[in-house]
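So the structure is just underneath, and the comments pick up after that.
The values are calculated or read from the model by the stated rules, or taken from the named source; none is laboratory data. Note that this is a predicted model, so its numbers are computed, not measured. Please note: Cβ atoms are built from the backbone with ideal geometry, for glycine as well, and neighbour counts cover all protein chains shown. With ligands, DNA and RNA removed, areas are computed over all heavy atoms of the protein, side chains included. Shrake-Rupley method; radii C 1.70, N 1.55, O 1.52, S 1.80 Å.
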Amino acid sequence: MAGYGGVDYIDFDSQLNDEERLVRQTARQFVENEIIPIIEKHSREGVFPKHLVPQLGELGFFGANLHGYGCAGMSNVAYGLMTQELERGDSGLRSFVSVQGALVMYPIYTFGSDAQKNKWLPLLQQGKAIGCFGLTEPQFGSNPGGMLTRAVKQGQNYILNGEKMWITSGSIADLAVVWAKTEDDKIRGFLVEKGAPGFKTWDVHGKWSLRASVTSGLAFLDCQIPEENLLPGVVGLKGPLSCLNQARYGIGWGALGAAMACYDTALGYAKTRKQFANKPIASHQLVQEKLAWMITEIVKGQLLALHVGRLKDNGRVDPAHISMLKMNNVAIALETARKARDILGANGIVDDYCIMRHMNNLESVYTYEGTNDIHKLVIGERITGIAAFV
Ligand code: TGC
Ligand code: FAD
């Protein structure tokens, strides 16, 4: 993939401004220099490339669309282009950046006290502290409103009991944003620091997806949290769900990056691999049909991402728009990876090429941050006015 120049079929670049192109180029260069050379090894060995965290911070990639506290304050479109390029490297890398910015910094920024913001945002922005987001539980994934984790006020503290599951960066985090029900049955957010009494983490092993990302369980057994670690600015499920809007938006762009990596690889391969009469496989109509499908879906995905990004920059985006973006772009990325794998034949299954890694990663991306079907139901509710979750 040396010399990767991006995927642009319809002069998409003409719709971007200089800042957006610069951010994209910076992220692309970082991925080319730091991720592509090491990612297959990290993925094979199941190791997150933690040594890159300070560099990601220096580049301004954490909380990049937030303002103040050292954050880059970039537009949402520039932010999306950044996640696209990071996920061209690996979905696990983009996941790490999404969680840190959209799921940890955003809730502190939006719902935190001044003391919480001043303490944590600069550290998280620089990558000097790592964060995780605990919403999902073993028995409550798509339906987080049913959560069992409880926080009971006792003097100057809250006592947390419960379990969170499938938590990205859980065991390497210095800070967990944890959602729990208080005695009035309302959902509140808590900042749980590494080493808090009664707080334990463990890692999920045996993953065939997002292998270069840490996925953990969090356990709280009479875990003592000082009352000042409650996020004061929000009550109810809309707190965590509004963080998910931010992360799902980044995923909508990010998935395009994985799709572009697979398309670019398959196109290059099809033009050089020869079968039958010494002709490249790209000369066959059935292969061209697959490539034409991929590029068409990538272009449609780019236009949707750009439009939703511009709406977000203008303060006019709705969560149901973001659901469509996440649902569509992850689905077409996964299908692109599957078609690309087919074009590479047997070579498609080995890690000399990026495709199988992206394909396996995208299976997680299809499920997390709201499954594909949950987003269909969000769209269904928006257009019919009838919620069909139950
Ligand atoms: P419902 O009754 O519809 O809503 C409850 C309250 O929340 C409000 N709301 C939202 N607010 C902001 N943004 C949204 N997207 C919102 N959707 C709903 C709603 O207005 C209401 O507010 P209020 O004031 O009336 O109380 O809730 P429900 O229980 O019926 O659930 C709706 C549903 C199914 C869409 C929601 O539960 C859902 O999105 N489920 C999917 C769960 C999910 O996405 N989990 C992700 C966990 S984190 C993760 O996966 C990280 S992966 C790591 C990485 O990113 O790399
Ligand atoms: P379930 O909710 O049990 O769903 C199983 C199937 O049932 C799906 O096909 C789903 O679409 C379908 N289904 C469920 N309800 C309905 C319905 N009403 N109608 C129709 N179909 C339905 N969570 C966090 O909180 N923080 C994290 O950092 C985090 N990181 C993750 C990292 C990875 C690698 C993975 C795989 C997951 C992560 N998650 C995280 C959890 C993720 O958000 C959940 O896996 C996801 O929300 C789905 O929940 P579930 O796995 O329990 O599936």
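Over 24 Å between C-alpha atoms is what I'm after, so list which of 164/238; 271/326; 41/279; 300/326; 186/326; 153/186 land there.
From 164/238; 271/326; 41/279; 300/326; 186/326; 153/186, over 24 Å: 271/326; 41/279; 186/326.
Between 0 and 90 degrees, the angle of helix 285-313 with respect to the longest Cα principal axis of the chain falls at about 40 degrees.
Using a 1.4 Å probe over the heavy atoms of the protein chains, calculate the carbon and sulfur portion of the accessible area of the chain as a whole percent. Mind showing how you got there, number by number?
Details: 8750 of 16420 Å².
C and S atoms contribute 53 percent here.
Take 64-71, 94-101 and order them by the average number of nearby Cβ atoms within 10 Å per residue, most first; the result is 94-101, 64-71. Where q = 0.06, 0.08, 0.10 Å⁻¹, what log10 of I(q)/I(0) comes from the Debye formula for the chain, counting one point per Cα? Each listed q corresponds, in turn, to -0.23, -0.41, -0.63. Segment 103-143 and segment 168-195 have Cα centres lying 8 Å from one another. In a DSSP loop and with at most 15 other Cβ atoms within 10 Å, the GluC sites (Glu not before Pro) in segment 176-249 are 183.
The Kirkwood radius of segment 12-126, taken over pairs of alpha-carbon atoms, gives through the Stokes-Einstein law at 37 °C and 0.692 mPa s a diffusion coefficient of 225 µm² s⁻¹.
Per residue, the accessible area of the chain comes to 42 Å², computed with a 1.4 Å probe over protein heavy atoms only. Most tightly packed first, judged by the mean number of other beta-carbon atoms within 10 Å of their residues, the peptides 355-366, 146-157 read 355-366, 146-157. Modelled spin labels at residue 204 and residue 13, positioned 7 Å past Cα toward Cβ, are 3.9 nm from each other. Just to confirm my numbers, what's the Cα centroid distance between segment 234-284 and segment 325-339 in Å? Going from one Cα centre to the other spans 6 Å. Computed from Cα atoms alone, the Kirkwood hydrodynamic radius reported for segment 127-230 is 13.8 Å.
Relative to the longest principal axis of the Cα atoms of the chain, the long axis of helix 355-367 makes an angle of roughly 40 degrees. Restricting to DSSP H runs of at least four residues, report the calculated mean residue ellipticity at 222 nm for the chain, -39500 (n - 2.57) per run over all residues, nearest 500 deg cm²/dmol. Only helices count here, giving -15500 deg cm²/dmol. Highest mean first, the peptides 370-378, 314-322 sorted by other C-beta atoms within 10 Å per residue fall in the order 370-378, 314-322.
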